[in-house]
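A.B. asks: Quick one: this structure, given as structure tokens, is what I'll be asking you about.
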Amino acid sequence: MSPPTDREANRLTARAARYARVGTQVGGVAARIAGTRLFGLEGQRGSNAAALASALGGLKGPIMKVAQLMATIPEALPPEYAVELAKLQSEAPPMGWAFVKRRMMAELGADWMGRFGSFQREPAAAASLGQVHRATSLDGRPLAAKLQYPDMQSAVEADLGQLDFIFALHRRMDPAIDTREIAKEIGERVREELDYRREAKHAALYAHMLADEAGVRVPRVWPELSTGRLLTLDWLEGRRLLEFTGESLEVRNRIAQAMFAAWWLPFSRFGTIHGDPHLGNYTVFEDDGAAGGINLLDYGCIRIFPPSFVGGVVDLYEGLKRGDDARVVHAYETWGFQGLKRELIDVLNIWARFIYGPLLDDRVRTIADGVAPGEYGRREAFRVHRALKEKGPVTVPREFVFMDRAAIGLGGVFLHLKAELNFHRLFEAAIADFSVQKVAARQGAALAKAGLA
């Protein structure tokens with residue numbers, strides 16, 4: 001029996017209802033923020049930020065996910081707002097069993113239960129856009145079935161509209177950073193996360209890119225049990241990464257090296273990053289009772305870059321390492337920063353030296369001595385923002401947004417693990433024999449193999 005017709009493709013009624021709900025919550029805070037600016041009450045930014053976080057905290061769903069994204073993208077928001085929004089939790093209440101049965105029937109047909117060996121009623125995990133149920137295949141293999149919540153396309157469009165309003169307000173209040181490209185990039189990535197067929201291709205892409213990395217496991221996709229709103233993957237057994245923070249340095253370093261490989265090798269060799277280095281997206285697998293590496297669990301937020309962008313990353317690294325200002329400027333221009341004057345280059349270099357600092361330092365070290373994981377990057381972002389108020393404004397290129405965010409998130413993971421590694425030598429190995437042409441060739445072949453070309 002074929003699945004019924006899709007009735008959730010960005011419905012006007014669902015979108016209007018979401019607009020009303022979100023608009024009521026956000027509108028009052030927006031008026032308060034605008035009043036602060038109008039009457040010169042800049043000292044109240046902290047309380048305004050707390051009010052916005054409180055308003056969003058009751059909404060759940062996509063707007064929570066995007067608010068969290070904004071909180072982790074340097075310069076997207078003033079620091080007071082980033083601190084408050086970073087505290088938000090995006091998990092929505094799980095769907096009940098009656099709804100799950102209706103949703104599964106809509107995706108796989110009335111006989112859907114007969115296509116699984118078992119299917120647990122209670123979700124194993126819930127997030128902003130969907131929930132995961134444990135299941136087994138007909139031959140007994142463990143599966144993870146991710147099921148999207150209802151009317152998510154409508155909710156995403158409504159919420160992105162509200163966030164465009166917040167971004168516009170921010171630009172008027174604090175014009176040092178032009179956030180329009182940031183908003184476009186966030187919107188595109190969140191819309192991609194709604195397409196589970198695309199996520200299945202992302203998983204296949206990562207299986208190809210990391211096939212030779214024993215320390216990273218990628219689940220296999222079950223296409224016969226997947227649709228645009230249902231994604232079924234192998235269930236990978238593992239323990240939460242934070243359970244290993246008290247283990248020996250050898251164990252913590254082994255996990256950190258696997259994280260480094262999972263992030264930097266796909267980028268340096270294929271121009272692709274995992275754009276959401278959230279602790280919940282990884283577990284640690286064990287071999288004979290010892291930590292062996294990481295399971296990479298979620299493939300919704302994947303960013304595929306033009307090979308020239310990867311060339312810019314390597315050029316900036318080499319320019320900073322050799323003190324070659326011309327190569328540094330060329331890297332920024334490759335990324336799309338425009339109208340760069342000496343003062344703006346100096347400001348951008350504050351951030352670049354922070355990001356590249358551990359990679360340039362040829363010694364065993366932590367990623368940032370004495371810094372709490374949640375504070376990683378915040379001090380430098382504030383320094384850059386303050387300097388740009390004097391020297392800017394500057395438009396942040398779209399491609400830069402998730403690269404920057406993911407690098408900060410990855411650094412936070414290393415800090416949680418208290419890893420001590422020679423990041424310089426790991427990075428040098430990742431970019432050995434690098435060329436833009438080789439990245440382009442590898443990327444093209446890998447995307448074609450995964451059906452993403």
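A.B. asks: Output ³J(HN,Hα) for region 261-278: one whole-Hz value per residue in order, computed from phi by the Karplus curve 6.51 cos²θ - 1.76 cosθ + 1.60 with θ = phi - 60°, and x for Gly and Pro.
C.D. replies: For region 261-278, the Karplus curve yields 5, 5, 9, 7, 5, x, 6, 5, 9, 10, x, 9, 10, 8, x, 9, x, 7 Hz.
A.B. asks: Which cross-chain or sequence-distant (5 or more) residues have an amide H under 5 Å from the amide H of S118, H modelled 1.01 Å from N in plane?
C.D. replies: HN-HN under 5 Å from S118: T136.
A.B. asks: Using a Förster distance of 30 Å, how high is the FRET efficiency between A448 and D369, based on the Cβ-Cβ distance and rounded to 0.05?
C.D. replies: Efficiency computed from Cβ-Cβ geometry: 0.10.
A.B. asks: Name the long-range amide H neighbours of R220: under 5 Å, sequence gap of 5 or more, or other chain; modelled H, no Pro or chain starts.
C.D. replies: For R220, the qualifying residues are D234.
A.B. asks: Turning to a different aspect of this structure: Between rounded, prolate and oblate, where does region 115-160 land on the alpha carbon gyration tensor, with a ≥ b ≥ c its root eigenvalues, rounded for a/c under 1.5, else prolate if a/b exceeds b/c?
C.D. replies: prolate
A.B. asks: Of the options F400, V384, G311, report the single residue whose Cα projects farthest towards the positive end of the charge dipole of region 300-422 (beta-carbon charges: Lys, Arg +1; Asp, Glu -1).
C.D. replies: V384
A.B. asks: Sequence gap at least 6, Cα distance under 8 Å: using those rules, report the relative contact order of region 225-300 to the nearest whole percent.
C.D. replies: Value for region 225-300: 34 percent.
A.B. asks: Of K146/K201; K201/K438; K184/K449; K341/K438, which sit over 24 Å apart, Cα to Cα?
C.D. replies: Violating the 24 Å Cα-Cα cut-off are K184/K449; K341/K438.
A.B. asks: Using a 1.4 Å probe and counting only protein heavy atoms, arrange M104, M113, M95 so the residue with the most accessible area comes first.
C.D. replies: Heavy-atom accessible area, descending, gives M113, M95, M104.
A.B. asks: If N is the number of residues in region 396-443, what value comes out of its Cα radius of gyration divided by 2.2 N^0.38 Å?
C.D. replies: 1.46
A.B. asks: Shifting gears a bit: Can you pull the Kirkwood radius for region 194-338, inverse mean 1/r over Cα pairs, to one decimal in Å?
C.D. replies: Across region 194-338, the inverse of the average 1/r is 16.9 Å.
A.B. asks: Kindly identify region 217-292 as rounded, prolate or oblate by the Cα gyration tensor criterion: order the square roots of the eigenvalues as a ≥ b ≥ c, call it rounded if a/c is under 1.5, otherwise compare a/b with b/c, prolate if a/b is larger, else oblate.
C.D. replies: Note, shape of region 217-292 comes out oblate.
A.B. asks: Give me the number: length gained by fully extending A110 to R134, i.e. 0.36 nm times residue separation minus the C-alpha to C-alpha distance, one decimal in nm.
C.D. replies: Length gained between A110 and R134: 6.7 nm.
A.B. asks: Follow-up. Whole-Hz Karplus ³J(HN,Hα) for region 222-239, in order, using 6.51 cos²θ - 1.76 cosθ + 1.60 and θ = phi - 60°, x for Gly and Pro?
C.D. replies: 10, x, 6, 10, 10, 9, x, 10, 9, 10, 10, 10, 4, 7, 9, 6, x, 10
A.B. asks: Which loop-located trypsin sites (Lys or Arg not before Pro) does region 314-379 contain, where loop means any DSSP state but H, G, I, E or B and the Cβ has at most 13 other Cβ atoms within 10 Å?
C.D. replies: Filter output for region 314-379: K341, R363.
A.B. asks: Loop only by DSSP, 14 or fewer other Cβ within 10 Å of the Cβ. Give me the GluC sites (Glu not before Pro) in region 177-213 that pass, ordered by residue number.
C.D. replies: Loop-located and lightly packed - none at all.
A.B. asks: Now a separate question. Mind checking which aspartates and glutamates have their Cα closer than 17 Å to the Cα of K101? Skip sequence neighbours fewer than 8 apart in that chain.
C.D. replies: In chain and number order, the partners are D6, E8, D111, E122, D151.
A.B. asks: Per-residue HN-Hα couplings for region 279-287, Karplus 6.51 cos²θ - 1.76 cosθ + 1.60 at θ = phi - 60°, whole Hz, x for Gly and Pro?
C.D. replies: 4, x, 8, 9, 10, 9, 8, 10, 10
A.B. asks: Translational diffusion coefficient, Stokes-Einstein: compute it for region 185-245 using the Kirkwood radius over C-alpha pairs as Rh, at 37 °C and 0.692 mPa s, and state it as an integer in µm² s⁻¹.
C.D. replies: Calculated translational D: 247 µm²/s.
The values are calculated or read from the model by the stated rules, or taken from the named source; none is laboratory data. In this text the structure is predicted, and so the values were computed from the model without any measurement. As a convention, Cβ positions derive from the backbone with ideal geometry for all residues, glycine included, and neighbour counts pool all protein chains shown. All accessible areas refer to the heavy atoms of the entire protein, side chains included, with ligands and DNA or RNA removed. Shrake-Rupley method; radii C 1.70, N 1.55, O 1.52, S 1.80 Å.
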